[in-house]
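The values are calculated or read from the model by the stated rules, or taken from the named source; none is laboratory data. None of these values were measured; they are calculated from a predicted model. All Cβ positions, glycine included, derive from the backbone under ideal geometry; neighbour counts span all protein chains shown. Side chains are part of the model used for accessible areas, which takes the heavy atoms of the whole protein and leaves out ligands, DNA and RNA. Shrake-Rupley method; radii C 1.70, N 1.55, O 1.52, S 1.80 Å.
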Amino acid sequence: MRPRGGRQYGILASVPIIHWFRRDLRIADNTALNAGVRDGGGAVVPVFVLDDKLLKGRDIAPVRVQFMLESLRALDEGLRQRGAQLVVLRGDPAAELVRLAQATGADAVYFNRDYTPAARRRDKRVTQALQSAGVRVESFKDLVIFEEDELLTTAGQPYTVFTPYKKAWLSRITPIAPEIGDWKLAPLPNLQSLISNLQSLVPHLPSATDLGFTNTQDGPKGGEPEAMRLLKRFRDSGALKAYSTQRDFPGIEGTSRLSPHLRFGTISPRQCYAAAVSTLSYAFPAKRSFSPAASDAKKEGADAWISELIWREFYMQILYHFPHANHANFNRAYDAVRWGSGDAALDEERFAAWCEGRTGYPIVDAAMRQLNQTGWMHNRTRMIVASFLTKDLLLDWRLGESYFMRKLADGDPASNNGGWQWAASTGTDAQPYFRIFNPKLQSERFDPDGAYIKRWVPELARVPVEYIHEPAAMPPLVQAQAGCIIGRDYPAPIVDHAEQKEEILRRFRAVKAG
Ligand SMILES: Cc1cc2nc3c(=O)[nH]c(=O)nc-3n(C[C@H](O)[C@H](O)[C@H](O)COP(=O)(O)OP(=O)(O)OC[C@H]3O[C@@H](n4cnc5c(N)ncnc54)[C@H](O)[C@@H]3O)c2cc1C
């Protein structure tokens with residue numbers, strides 16, 4: 001232990017440091033937590049603040065709250081194994097952390113940085129409140145491998161195109177050996193009695209229902225051990241190796257399913273990166289000069305997956321440098337694009353059909369039902385449904401972005417916003433407006449036997465494969481044999497793709513022409 005500053009702290013043997021958990025709900029490879037353990041000689045007060053402002057936010061998802069609470073429970077268990085326990089407070093983090101520092105005699109609060117506009121505003125406010133109360137604040141890079149201004153163009157500007165960003169990212173990466181975090185925390189004597197007078201202390205971790213949420217989705221399991229299990233499964237089952245060839249097929253378990261874990265930090269991007277590199281037989285791809293010993297397939301799998309981790313950081317730095325994109329088109333030139341059909345009731349009806357998975361386009365409906373039931377959707381189908389909402393239903397991307405946030409366990413402001421603006425063609429490195437996904441062709445290509453569709457749209461289970469991508473084309477006799485009468489058991493397409501495509505192209509071209 002390292003007693004600091006010669007101050008007397010009553011019953012505490014050394015000056016503790018508060019670790020404020022946020023999007024880093026893990027013990028291993030946690031930068032701020034490791035620093036706190038080091039600087040406080042193990043005397044760390046681990047705290048999570050249930051922030052009422054966030055819990056009452058418009059885009060909160062019960063499935064995400066449940067995932068977060070499960071992760072907190074696992075975190076508390078992990079901390080207890082190391083001699084500590086998670087302190088859970090409820091209220092405004094600024095006021096709560098000041099009170100906690102006063103109650104425990106902590107002289108510093110450590111946390112890992114978050115980059116969304118709302119988080120940055122909150123952290124500035126909390127930092128000011130703590131500093132005014134004489135508490136030192138230190139923040140750390142942890143959520144990403146490269147942050148803020150670490151990667152800029154040669155002109156000193158943020159990257160707005162992915163490929164050069166990725167090139168810069170890869171050229172700067174150095175060997176990563178994530179710390180395991182097998183340290184012990186010094187139990188803080190009488191911590192409970194010290195803080196039990198805090199009115200906002202939550203004695204037991206609440207359930208989502210206790211917090212007023214009704215979760216109807218069968219969401220992913222939270223917690224650091226689960227994240228580790230998924231990472232190992234992904235690496236050892238061969239899915240990582242086959243990632244570049246399998247990741248686009250929603251009917252195959254070809255991706256890691258780590259997104260809610262990366263969202264809440266039950267795993268770190270460094271752990272993911274290190275796991276990907278460890279599958280290769282070369283030591284380290286410092287200059288991306290891969291050893292010929294690593295087979296091409298393996299290399300492509302790991303490379304493609306690392307690319308996705310880089311997309312995550314790309315969108316994170318976009319929102320950091322261009323906070324306006326949070327609510328507005330990144331490309332302001334497209335502010336003039338007209339969304340909607342001109343008939344508000346029709347738009348509402350179409351939006352409801354999209355949300356509920358009854359558009360008459362099987363791949364879209366399967367994806368939306370997967371989302372509604374599980375809180376997760378495959379990346380390929382996220383792109384398909386986002387394109388469908390904006391380019392086929394002509395609806396504003398913000399409607400879809402908000403719906404996703406209310407349903408996704410991995411709902412992340414930066415990746416979600418980036419994905420939606422990519423699909424709507426209003427974003428940074430966006431899909432050009434004239435390249436529009438054809439939902440039937442996408443379905444034929446990425447769900448050729450209709451396995452994904454049949455899994456999520458059971459009324460199409462007996463539809464012959466030649467009609468699975470366009471059930472409305474079934475002759476009446478086939479409909480009867482398949483037990484699926486169009487218009488009764490499954491809807492006819494709510495819009496005509498070819499017509500809607502022409503309409504959205506007209507609208508974008510009109511804006512382009514000025
Ligand atoms: C419209 C739309 C909305 C999206 N919303 C979100 C969101 O709210 N939260 C979210 O985490 N991802 C979002 N994505 C990105 C992507 O779809 C998911 O990250 C991915 O499907 C998660 O599955 P996985 O963990 O199995 O991914 P894997 O394929 O195993 O990829 C590994 C990790 O890389 C990151 N990643 C992968 N693809 C992307 C991507 N295109 N952009 C940014 N990061 C990526 C994720 O953290 C993911 O867990 C969105 C994509 C689109 C098109």
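Structural remarks
- Cα-based Rg of the stretch 377-514 normalised by 2.2 N^0.38 Å, two decimals: 1.16
- Overall form of the stretch 343-398 per C-alpha gyration tensor (a/c, 1.5; a/b vs b/c): prolate
- In the chain, the portion of solvent-accessible area held by carbon and sulfur atoms comes to 52 percent [1.4 Å probe, whole percent, DNA, RNA and ligands not counted].
- Sequence-distant lysines (8 or more away, or on other chains) whose Cα lies within less than 29 Å of residue 391: 166, 407, 440, 454, 501, 512
- The chain - accessible surface per residue (Å², probe 1.4 Å): 43 Å²
- Amide hydrogen neighbours beyond the local backbone of residue 87, cut-off 5 Å, H modeled: 47, 48
- Counting every C-alpha pair in the stretch 73-122, the share spaced more than 13 angstrom apart comes to 70%.
- Spatial offset of the stretch 479-514 relative to the stretch 36-101 amounts to 46 Å, using the alpha carbon center of each.
- Three-way shape call for the chain based on the alpha-carbon gyration tensor, with the a/c threshold at 1.5: prolate
- Anchor residue 241: lysines whose Cα lies under 16 Å away (excluding residues fewer than 8 positions away in-chain): 232, 298, 299
- A cut-off under 15 angstrom between Cβ atoms defines the neighbours of residue 478, and their net charge, with Lys, Arg +1 and Asp, Glu -1, is -2.
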